[in-house]
1. Name the single residue that is nearest to residue 61 (Cα to Cα) among those in region 81-113 being β-branched (Val, Ile, Thr) and open to solvent by 30 Å² or more (accessible area, probe 1.4 Å).
2. Only residues that are part of a loop (DSSP other than H, G, I, E, B) and among the polar types (S, T, N, Q): list them for region 23-59, please.
3. One residue is enough: does region 64-72 have a residue meeting the conditions part of a loop (DSSP other than H, G, I, E, B), among the basic types (Lys, Arg) and surrounded by 12 or more Cβ atoms within 10 Å (Cβ to Cβ)?
4. Only one residue in 88, 82 is at pLDDT 95 or above, over 11 Å from the mean Cα position of the chain (by Cα) and within 15 Å of residue 45 (Cα to Cα), so which one is that?
5. Among the candidates 95, 85, which residue alone is closer than 24 Å to residue 114 by Cβ and touching a residue at least 24 places away in the same chain (Cβ under 8 Å)?
6. Give the residue, chosen from 19, 44, that is open to solvent by less than 40 Å² (accessible area, probe 1.4 Å) and among the aliphatic types (A, V, I, L, M).
7. Scan region 36-57 and give yes if some residue there is of a type in the set (Phe, Trp, Tyr) and at positive phi, otherwise no.
8. Please list, ordered by first then second residue, the pairs with beta carbon atoms under 6 Å, 6 or more apart or interchain, first in region 29-50 and hydrophobic (A, V, I, L, M, F, W, C), second outside any strand (DSSP E or B).
Amino acid sequence: VQLQASGGGLVQPGGSLRLSCEASGSIFSRNVMGWYRQAPGKQLELVADITNDGVANYGDALKGRSTISRDNNDNTVYLQMDSLKPEDTAVYYCKMNLNWKDYWGRGTLVTVSS
């Protein structure tokens, strides 16, 4: 399984950004796709994940300011982030859990700065 994330970049405080992550390979039946982030000097933390049934789970990182969704036809997961703050600056990683094994994408950098 390979994961390709995109959509990161520079955004001003208060702005929005939408991340995408497409999975390819031998993907079947139940899986969970999600987003994690790691800010400089901080630990990796969950932003949100979602099952292929559409059940979403949000971590504290962007709770109330993010929406996760997915398209099972394209094996793509999206993360809509709103009202971004400078402390949201981090590398955002896409992950898929399939058959109890984790697959990670390379990460996409989100910088929130004026």
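1. Of everything passing the filter in region 81-113, 89 is nearest to residue 61 (Cα to Cα).
2. 26, 29, 43, 52
3. Yes: region 64-72 contains one or more residues that are part of a loop (DSSP other than H, G, I, E, B), among the basic types (Lys, Arg) and surrounded by 12 or more Cβ atoms within 10 Å (Cβ to Cβ).
4. 88
5. The match here is 85.
6. None of the other options fit; the residue is 19.
7. no
8. 46/59; 47/59; 47/61; 47/62
The values are calculated or read from the model by the stated rules, or taken from the named source; none is laboratory data. Owing to the predicted nature of the structure, the values given are computational and were not obtained by experimental measurement. In this analysis, Cβ positions are derived from the backbone assuming ideal geometry, glycine residues included, and neighbour counts consider all displayed protein chains. Side chains are part of the model used for accessible areas, which takes the heavy atoms of the whole protein and leaves out ligands, DNA and RNA. Shrake-Rupley method; radii C 1.70, N 1.55, O 1.52, S 1.80 Å.
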